[in-house]
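Structure record follows, encoded as structure tokens.
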Amino acid sequence: RTSLTILGLESSCDDTAAAVLRIEGDAPTILSSIVHGQNDLHAAYGGIVPEIAARAHAEKLDICVKAALNKANTPLSKIDAVAVTAGPGLIGGVLSGVMCAKGIAAGAGLPLIGVNHLAGHALTPRLTDGIAYPYLMLLASGGHCQFLIVRGCEDFNRLGGTIDDAPGEAFDKTARLLGLPQPGGPSVEREAMQGDPARFRFPRPLLDRPGCDMSFSGLKTALLRARDDLIAAQGGLTHQDRADLCAGFQAAVADVLAEKTRRALETYLGEAPPVPAFAVAGGVAANSAIRTVLQTAADAAQTAFVAPPLALCTDNAAMIAYAGAELLRAGQCDDMTLAARPRWPL
Ligand code: KG4
Ligand code: ZN
């Protein structure tokens, strides 16, 4: 088939999303991409509450699907297939999405495709920039952190990743420790702009070890200690203390990501890809200091740097529809036995 119109659903974390994507030949067009966040529901708890997330997904999925079809000006009768995140993620949310997708697929007699959420992120640079396989990918979000060589829609080579917290999670915890609003990434970045990154020297974990594995949980412990030392000495934190702590923390994360990126690029370029490209996805890629060091590493390796627009770097359903389309074209298809998987490594 040369033209394909796909409905995508995403509900694996704290965003309920639906999208309609059309692919003519090799050219994808996002006809609509609706994302309904849940920040307000979880704000009072200082983190995502799985039961609340699942209930909100179950309530909002139908509304998002209708909105996506409406905005795309596409009735269900014009949809060719339904793609849905089948994992990994919070199981209640994934289940809500899979059941909703099964209902639509069964009701309308459409093929159903279960998509790995991480594959959705990993294939996004093809959706936004049309880059060719194989490319190097850094996925850095609130829940994930890994380097992948992406060779095909079902062919991923994981070079390394975090052995504990994801970097976005570290930003969120840092914000919490300093009394800054959630999500932590943007508020820590804002503070860091007015801070001195040299005042506090935080650890750069695992740089002394070969490979691309990373660790970010020790950083927040170091930050906690520095904060408590200041409080013990002065009775509190000044605005400048806060800014300097954020700047020191962000510099440490950026240094780790930069060095591990250099190593990942070395491995990737060792395979002599015909058109070298390094792409990022995940909310952490929104950080301009981090973006700058990644761009610098790519430039030094004479590799194109691809950073999709932020709305497609963070959780969305257009990426799920796109990954579903690639899988469908590769001959993949699921049926009513499609299971929701809390864990699903690429
Ligand atoms: O990809 P994403 O929207 O959701 C998943 O985790 O799947 O990423 C959200 C994460 C949060 O931890 C947030 O604090 C972080 O990305 N983030 C940032 C920035 N904007 C969002 N981290 C650092 N700097 C930012 N500007
Ligand atoms: Zn995600």
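Couple of notes before you dig in:
- Label point of Gln295 set 7 angstrom out along Cα-Cβ; within region 249-280, amide nitrogens under 15 Å from it belong to 278-280.
- For the chain, leaving out every one of the trypsin sites (Lys or Arg not before Pro) that falls in a DSSP loop and has at most 15 other Cβ atoms within 10 Å, the longest unbroken run is 2-198.
- Considering only Val150, Leu178, Leu123, and ranking their Cα positions along the charge dipole of the chain that arises from unit charges at the beta-carbon of Lys, Arg, Asp and Glu, the one farthest toward the positive end is Leu123.
- Shown for Glu189, Glu51, Glu10: other C-beta atoms within 10 Å of each C-beta, ranked fewest to most, produce the order Glu51, Glu189, Glu10.
- Within the chain, percent of DSSP bridges classed antiparallel, to nearest 5: 65 percent
- Label zone at Leu224, where the point sits 7 Å out along the Cα-to-Cβ direction: region 182-216 residues whose backbone N lies under 18 Å: 184, 202-205, 215-216
- The stretch between Leu310 and Ala330, if pulled fully straight at 0.36 nm per residue, gains 4.4 nm over its current Cα-Cα span.
- Point-charge dipole on Cβ atoms (K/R +1, D/E -1) for region 133-311, about Cα centre, debye to 20: 160 debye
- If R0 is taken as 56 Å, the Cβ-Cβ distance between Glu154 and Gln234 corresponds to a FRET efficiency of 0.50.
- Taken as Cα centroids, region 275-346 and region 1-65 sit 16 Å apart, rounded to the nearest whole angstrom.
- Antiparallel bridge percentage (DSSP; both residues within region 133-311; nearest 5): 60 percent
- Helical content alone sets the calculated 222 nm signal of the chain at -14500 deg cm²/dmol, taking -39,500 (n - 2.57) per DSSP H segment of four or more residues and averaging over every residue.
Only the coordinates and a few stated rules stand behind these numbers; no lab work does. The structure presented is a predicted model; accordingly, all values stated were derived computationally and were not measured. Heads up, the Cβs are rebuilt from the backbone with ideal geometry, glycines too, and the neighbour counts pull from every protein chain shown.
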